[in-house]
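Down below is the structure, laid out as structure tokens.
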Amino acid sequence: MLEIKENMMTTMRSRLKSWPRLLSRFVRQLKSPLQIARHSFHRDTHFTNLSDYSVRSYQSVRSSRDPYLVKVVQGRSKRQRYAGERSNQRFGEDSWFVSSTPLAEVLGVADGVGGWRDMGVDAGRFAKELMSCCSGRAQHSDFDGRNPRDLLIAGYQELSDRKHPVVGSSTACLVTMHRRECTLYTANLGDSGFMVVRNGQVLHRSQEQTHDFNTPYQLAVAPENQRDYVYSDRPEMAVSTRHSLQPGDLVLLATDGLFDNLPESMLLKILNGLKERDERELLVGASQVVDKARELSLNANYQSPFALKAREHNVPYPGGGKPDDITLILASVEVPNV
């Protein structure tokens, strides 16, 4: 058994040689062969052109007097998108969903861990399937949004219990609004995250969970012979929070492609420029946020949040932004006119 594991580790190390130069620098910071094998599923940080761009708006169920969310989705892929990506709720290796029922509003994002690409695996497919499982369960008539962590647990269990499960790993962030209570419930695992903005100030913001620099907590399904060499966290480890909402509050949900490039001060400046909270204005704001994050990700002279974190962890990084897939869901809390 020891010999088998040593052979597998040698194979994994050889694959690392073909990875981007920057990731190789990260790996050289690690101390043991086991760490190298496990960190083969670091976040991937290629320097390539960003491409895909899309904005969408989604109608909420408004069959009652309960509060609802006006929500829009925007994203960019750092690579040329494949046919059908835009309609497949993906931006590169990110995925997302939105759901609205008489009981709850549900938003979700997942970021596929790019290291799987080196193994010949579509790194975004796992994220897409995970979000699909969560979305389906959010439509159940008894789901009221009070426990998004249970939704994540059930979605992951459904995915991993398949006869032929999709291989891969991803972060996940789910936020739900119980409509009658006008209360936000959250479950976040990894380095995607959410923010609640009220009166121009950040009221709540999630904290990322990482094993090490650029190595977020992640849900995974790995081939049996590789399970000892990848991170596979439990959905029960997702951090859950609860926040009371008010009409006019903004709820923002995004993958790390946004947060690694756009500091909070710039984000607030854009959001505070919104004149209204209607769908049209949210579309304008979402476009500006993602456009700015894209611009900064390509700026080699910009000290991005990602570059600052690298410095804090003593990780060699040339500075500048971090090209990545970007997914943003922006929503405003509203009440029906009666």
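The values are calculated or read from the model by the stated rules, or taken from the named source; none is laboratory data. Since the model is a prediction, treat every value here as computed from it, not as a measurement. Here Cβ is always computed from backbone atoms with ideal geometry, including for glycine, and neighbour counts include all displayed protein chains. Calculation scope for accessible area: heavy atoms of the full protein, side chains included, ligands and nucleic acids excluded. Shrake-Rupley method; radii C 1.70, N 1.55, O 1.52, S 1.80 Å.
Within the range 129-138, is even one residue modelled with pLDDT under 95 and either in a loop (DSSP other than H, G, I, E, B) or within 20 Å of residue 325 (Cβ to Cβ) (or both)?
No, because not a single residue in the range 129-138 is modelled with pLDDT under 95 and either in a loop (DSSP other than H, G, I, E, B) or within 20 Å of residue 325 (Cβ to Cβ) (or both).
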| field | Inter-residue pairs, beta-carbon under 8 Å, first under 14 Å from residue 256 (Cβ atoms) and in the range 299-315, second exposed (fewer than 14 other Cβ atoms within 10 Å of the Cβ), 6+ apart | value | 310/316
| said: Take the residues in the range 182-194 that are in contact (Cβ under 8 Å) with a residue 60 or more places away in the chain and over 13 Å from the mean Cα position of the chain (by Cα); name whichever of them is surrounded by the most Cβ atoms within 10 Å (Cβ to Cβ). | reply: 184
| Looking at (1) assigned to a helix (DSSP H, G or I); (2) in contact with a helix residue (DSSP H, G or I) (Cβ under 8 Å, 6 or more places away or on another chain); (3) open to solvent by 10 Å² or more (accessible area, probe 1.4 Å), which is the only condition residue 317 fails? | (1)
| said: One residue is enough: does the range 260-280 have a residue meeting the conditions out of contact with any Leu (no Cβ under 9 Å at 6 or more places or on another chain), buried (at least 18 other Cβ atoms within 10 Å of the Cβ) and closer than 25 Å to residue 200 by Cβ? | reply: yes
| message | Name the single residue that is surrounded by the most Cβ atoms within 10 Å (Cβ to Cβ) among those in the range 144-154 being free of Cβ contacts under 8 Å to residues at least 60 places away in the same chain and within 23 Å of residue 251 (Cα to Cα). | response | 151
| message | Please pick out the residue among 240, 206 that is out of contact with any helix residue (DSSP H, G or I) (no Cβ under 9 Å at 6 or more places or on another chain) and either open to solvent by less than 70 Å² (accessible area, probe 1.4 Å) or in contact (Cβ under 8 Å) with a residue 24 or more places away in the chain (or both). | response | 206
| query | Out of the residues in the range 158-180 that are over 19 Å from the mean Cα position of the chain (by Cα) and touching a residue at least 12 places away in the same chain (Cβ under 8 Å), which is surrounded by the most Cβ atoms within 10 Å (Cβ to Cβ)? | reply | 179
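Return the residues of the range 320-338 that are open to solvent by 80 Å² or more (accessible area, probe 1.4 Å) and touching a residue at least 24 places away in the same chain (Cβ under 8 Å); say none if nothing qualifies.
Result: 338, single match.
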| field | Total residues in the range 103-143, condition open to solvent by less than 40 Å² (accessible area, probe 1.4 Å) and touching a strand residue (DSSP E or B) at 6+ places or on another chain (Cβ under 7 Å) | value | 23
| request: Restricting attention to the range 273-304, report how many residues are touching a Ser or Thr at 6+ places or on another chain (Cβ under 8 Å) and among the small types (Gly, Ala, Ser). | output: 2
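Mind checking whether some residue in the range 88-100 is under 25 Å from residue 65 (Cα atoms) and open to solvent by 40 Å² or more (accessible area, probe 1.4 Å)?
no
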| query | Going by the conditions given, is residue 226 polar (S, T, N, Q) and surrounded by 15 or more Cβ atoms within 10 Å (Cβ to Cβ)? | reply | yes
| note | Note on residue 105: of the conditions (1) of a type in the set (Asp, Glu); (2) modelled with pLDDT of 95 or more; (3) assigned to a helix (DSSP H, G or I), unmet is (3)
